[in-house]
Structures are given as C-alpha cells and as structure tokens.
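Comments concern the structure below.
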Amino acid sequence: MSYIAKPVARHPALKRNALGLTMRDYEGVMSTLCAGCGHDSVTAAFVQAFFELGTEPHRVAKMSGIGCSSKTPAYFLGGAHGFNSVHGRMPSVATGANAANRDVTTVGVSGDGDSLSIGLGQFCHAVRRNVDMLYILENNGVYGLTKGQFSASSDLGSKSKRGVANEHQPIDAVTLAITLGASFVARSFSGDKEQLVPLMKAGLTHRGFAFIDVISPCVTFNDHEGSTKSYVHTREHGHEVVATDFVPLRSEITAAYPEGGVRDVLLHDGSAIRLRKVAEDYEPADRVEALKFLGGAQARGEIATGLLYLAEEGRDMHVLERTTANPLAQLPFERLCPGGEALADIQREWR
C-alpha cells in the first residue's frame, strides 16, 4: 500500500552508479496495483533505466493521466517532479512542462484507454509537435480501473468479464505513431526487461518524441458472468460477514527470447499472445519497411517488438517553435513579463 513507507535500511554493498546512487534511490512509494500486474514490471524497468543512465532524480518530470497506468509514476523516482493530470490530457501537461524547461527529462506514462480513446487527439498532436519526451503506453487492452470494459486496443473477438465479445477493430498504437511522423517508435513486453530497459534508455536520450508501446497484462479481469466462481455471482448469492475483496495472487510474466525470434506468452486468463522481436539486421530508419513489417506481423497474428522506427534527423518542438535556448523556467521575471508599456507597443503594431 502506498501509505506504507518502504524500509529505510539499505545493504551497504548495494551497487552504485556514477552519481553514487543505488537502485533504491530511484524507487518510489509502495505499489497498490494487483500482484503480478505488468505495470509494476514497467516500474522496475524505469528504475533500472534511470539508475544505469545515472540521471539525477530531481532533473526528471513525470506525468500521467487517469487509469491504472497513472499510478506508475508514483512508484519510481520519488525525488522527481510529477503531475497527475485529468483523463487523456497528460500530453498537454507534458508539452507545457517541456516548453517551460527543456533541460528537464520529460516522461509521460499513459494507458490504452487514456491514450487511444479520450486522449487520442492529445496523443496525435504531441507526436506532430515532436515534443521532447519519452511516452510510455502501458497497453493491457482493458479499462482496468473501471472494472474491465473494452478499450480501443482490445483484440477483435476478445471477451469481457461478462462474456461479451468485442466487435470493434483495435487501434494499433505503433502503426498510428509511425503514420503520424513520430521520430522514435518501439514496442516491448513488460516481462522482457532485457529488451525494455535498453529501449527506455534509448528513448530517454532521444531528442524529440520517443514512443514505446508496452504490452502489459492485466491480472484481474478474467472472470465471466455465469460462472459460479466469479466475483459477481459470489456477491449476489453470498452473505457478507465483513467488507472485503480478493484479487488472485499472480506471478510476474517474463519472456526472454533472442533477436529475430518468436515467443508465445501465456497470460493469466489463459489466453496467449505471440511476440516477434526484430532481427539484428532490421533497419528501423526505413518508414515504409517498418509499416510493412508491422502489417506482416499483424497478418500472422504476431505482435512485433523492438525499436521499430527511428528518424534521427527529426526536428523537435523547440526547433520547430524556435523556443529560447534558456528554459523559460530559468528566465528572469523581467524578461517573461516586460510590463504594460511593452504590451501596449505590441498592440500598436497590430492596429
């Protein structure tokens, strides 16, 4: 629980990075997510990536929207700046933060419901502006925080906890990002730290918008209406003695496989996904070939993972908008607000 403080005791032999900090210095509060949630694996990858990069925690701004994913920033870099925005509006807040202080590493964590439904317009314009940030999409194909409705990335034909099949085509986030012109696009699996951590480190050091779609299984919403062992049936036919709830204890799903390889991953609800990692000779700089590769994998029922597209020559928001070299947050008040006389001069020019 987040209100329980982590133990302060630390082993003196903990490995330290170039700043003299340990992995513990990059952690946040205790997670309140379900045991075995893929989002906690993403948190662990964040901690390792920032530790290995030797990033000063107070030089990071981490943003989120609404949903299970929005909790993730609380679980890493307790010494960083953070803002939990309203549903789907994280990209706007992140854009403003990065515009005000380009020297701070900007990280956004969002979910498939947050990014691909109510926040789809926000996501598109963050890509179009090439905002200098790492955008992590924790993709579990379900609205977990509001009890398991279909999201815009739910697979066609997948069943909800009520047993109803999804009849809508999913939005493929990486294809959308490449189509919109994102300069860094990747996909990984939450349980594949061997792949996810290097991708995060590359995204954090990329100049411009870096997007990683992380397949992150939800462990809770796998019961169905009609089952005598479901939560709903039990609550309707049982006699409550004390107010309580139970979420099955599940283990983290991990998936290690070589470059160019294919790996079937069995999820907690009994379904399976097939991951295909890009080969060593894959060329991520070719946008057309990237889209062909994604289309081929989708046609075979596979989920392509790895660095899928990279445009190194892309211009980020600061170049496009010709922002000041000094971050706005560091400019003196007199330059940010030159006074009423200067404003009157500007207005006279417009008359």
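Being under 20 Å from LEU145 (Cβ atoms), modelled with pLDDT of 85 or more and either among the aliphatic types (A, V, I, L, M) or open to solvent by less than 50 Å² (accessible area, probe 1.4 Å) (or both) is a description that applies to VAL214. Each residue in segment 146-170 was checked for being among the aliphatic types (A, V, I, L, M) and touching a residue at least 24 places away in the same chain (Cβ under 8 Å), and 1 of them qualify.
Per the conditions (1) touching a helix residue (DSSP H, G or I) at 6+ places or on another chain (Cβ under 7 Å); (2) open to solvent by 20 Å² or more (accessible area, probe 1.4 Å); (3) modelled with pLDDT of 95 or more, the sole criterion not satisfied by THR32 is (3).
Within segment 147-181, the set of residues being of a type in the set (Gly, Ala, Ser) and not in a loop (DSSP other than H, G, I, E, B) comprises ALA165, ALA173, ALA177.
Residues are listed down the side, and each one gets a yes or a no for (1) closer than 25 Å to ARG315 by Cα; (2) in contact with a Ser or Thr (Cβ under 9 Å, 6 or more places away or on another chain); (3) not aliphatic (A, V, I, L, M):
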residue: SER154; (1), (2), (3): no, yes, yes
residue: SER158; (1), (2), (3): no, yes, yes
residue: ARG162; (1), (2), (3): no, no, yes
residue: THR175; (1), (2), (3): yes, no, yes
residue: LEU180; (1), (2), (3): yes, no, no
residue: PHE189; (1), (2), (3): no, yes, yes
residue: MET200; (1), (2), (3): yes, yes, no
residue: LEU204; (1), (2), (3): yes, yes, no
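Please specify each residue of segment 271-312 satisfying the condition of being assigned to a loop (DSSP other than H, G, I, E, B), of a type in the set (Ser, Thr, Tyr) and closer than 22 Å to THR254 by Cβ. Scanning segment 271-312 gives a single hit, SER271. Of the residues making up segment 255-270, those that are open to solvent by less than 70 Å² (accessible area, probe 1.4 Å), in a loop (DSSP other than H, G, I, E, B) and either free of Cβ contacts under 8 Å to residues at least 40 places away in the same chain or in contact with a Leu (Cβ under 9 Å, 6 or more places away or on another chain) (or both) are ALA255, TYR257, GLY260, GLY261. Of the strands (runs of 3 or more DSSP E) lying entirely inside segment 51-146, those containing at least 3 residues that are under 15 Å from the mean Cα position of the chain (by Cα) and surrounded by 23 or more Cβ atoms within 10 Å (Cβ to Cβ) are 60-64, 105-111, 133-139. Within segment 313-331, if we keep just the residues that are in a loop (DSSP other than H, G, I, E, B) and open to solvent by less than 40 Å² (accessible area, probe 1.4 Å), the residue that is farthest from LEU196 (Cα to Cα) turns out to be LEU331.
The values are calculated or read from the model by the stated rules, or taken from the named source; none is laboratory data. A quick note: this is a predicted structure, and the numbers were derived from the prediction, not measured. Neighbour counts are summed over all protein chains in view; Cβ atoms, including those assigned to glycine, are modelled from backbone coordinates with ideal geometry. For the accessible areas, the whole protein counts, side chains as well, though only heavy atoms, and no ligand, DNA or RNA atoms are used. Shrake-Rupley method; radii C 1.70, N 1.55, O 1.52, S 1.80 Å.
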